[in-house]
Amino acid sequence: MRKIKAFVACSVIMAMTVFLWTGHSSAAGGLLYLSPSSSSVQVGSNLTLQLRINPGTTINSVEATISYDPSALSFISSTPSFFATCVQNSGGGGNINLSCASLANSTSSDTLVSTLQFQALAGSGSSAVTLTSGNAAYGTYTNPGLQSASVSFTSPAPPASSGGGSSSGGSSGTTSHVSHTSSPSSTQPVASSAPSTTPAPAPSTKVSLAAHVATALYTAVAISVKANQPVQAAIDYGTSATDLNLSTPPAPAATTSTVSLDPNALLPGTTYYYQVVATDASGNVTKGPLQTVTTKGFTVEVTVLDGNYRPLAHHQVTLHSTAQTVMTDGHGVATFVNVAPGQHHVDFLPSGMTTVMSQPVYVMDAFSSSGLKQTAATQQLAVILHDYHQSMVPRWLLFIPIFLVIGLLLFGTIKERNLPRRLRYAHNVMNRYTISQIVQMEQYVKGTIGPSPTAETKKSDQGKEKE
């Protein structure tokens, strides 16, 4: 085991050494980018950015340096995806450094490199998350282009004032409000004395919204929105019900709209929360209920083997992170559906034991797009439960005693059926010959006497007939 670990460590070091020191011999190609390219986040909330690469050629390693304003954003984590073996993956103080590779696989399609998590510290303004340098390689560098991201910050809306003041309708474009004050001497509302300089929006019919998922593929999601009057519909969405940190541009005003989410911000096999935000002709904003949509995940076939490399047939196994429990088939293959890409683990609890055996598996973020269609092949993986050993006696051997018992019963039945015929034959012999003649015939058969006694018996029989 130590030799294996040493070999793996050496392989990682050699792979990353080649990555870091190979000369820049290939032409520029592909794009290393942050997604989404622009986003808005409220102070105190978390911001999620994806570092992705569209290489344009085959690669198996990526390196990147990312800078950000530490007074506006606080770095939380960097979670590698396809390139899971990293010699450097750290961040903080305004910089993030990654140098990761995939030792077992390569990719030539758009691939997630790492998921970056920040917390917003600023309550206003904007800031850039900049890819200051980056590269990809498969033996030689590919020199991809770099695309950074920008983040705007917002603060929660202040609570409405409960006092008896008025709001001015000056250059801010706001209208005056009627305030209600309560005192022991009077409970009548007091109107603001300040005149309004901006007319209030014309009253409109209350907007009613209905939304449903029109399309949900690996990273292609479209939401169909219907309203009782023309509205500009937009979608706020995110992976947390309390933090919808992503938004779509508003669609043109219509009673029926189809709004597509940003595919670069989505992951397969992941549940997203979304809310429709509709603006009518008078500028009134209506928000729909919080709903969910789950992107299509990958189908994964995992062959489960025991410590003797024998298939674990007809046993229950569980795949995490989102738990799925299935039964393996006769070849020890467990099939899981709608699985998100990234690191997972397969759990097995042997009968009569309390310790769960677990082995990691990695699901690739690999699919192809053609027009409005997205397809992916079934991924085939294998795990070995080294500490579990099934009985070495094949199950079919357990049936041998049963077959032997059945055979003995049949043989005994046949012998019993032949017994009456043998008894009749012995009875006829005893009636026809004397004991001395039977003994003589036996000696003749053994070759101990010359003439056959049967000839004499025939003569005596003929003499008896003449008489």
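Structure notes:
- Note on HIS386, HIS331: ascending count of other Cβ atoms within 10 Å places them as HIS331, HIS386, the fewest first.
- Förster radius 56 Å - calculated FRET efficiency between THR255 and MET353 (Cβ-Cβ, nearest 0.05): 0.40
- Length added when fully stretched, GLN380-SER321, from 0.36 nm per residue minus Cα-Cα: 19.4 nm
- Counting every other Cβ atom within 10 Å of each residue's Cβ, LEU267, LEU409 order from fewest to most as LEU409, LEU267.
- Label point distance in nm, THR215-THR271, each placed 7 Å from Cα along Cα→Cβ: 2.5 nm
- Ranked by how many other beta carbons lie within 10 Å on average, peptides 225-232, 356-363 from highest: 225-232, 356-363
- Span from the segment 38-72 Cα centroid across to the segment 291-313 one, whole angstrom: 30 Å
- Segment 298-392 - share of DSSP beta bridges that are antiparallel (%, nearest 5): 75 percent
- Fully extending the segment from GLU301 to GLN229, taken as 0.36 nm per residue of separation minus the present Cα-Cα distance, adds 21.1 nm.
- By average C-beta atoms within 10 angstrom, highest first, the peptides 318-329, 251-262: 251-262, 318-329
- Between SER369 and THR292, the modelled labels are 2.6 nm apart [label points 7 Å from Cα along Cα→Cβ].
- The residues SER150, SER40, SER391, when put in order of fewest to most other Cβ atoms within 10 Å, stand as SER391, SER150, SER40.
Each reported figure results from applying straightforward, stated rules to the coordinates on display, with no laboratory input. These numbers come from a predicted model, not from an experiment. So basically every Cβ, Gly included, is an ideal-geometry build from the backbone, and we count neighbours across all protein chains shown.
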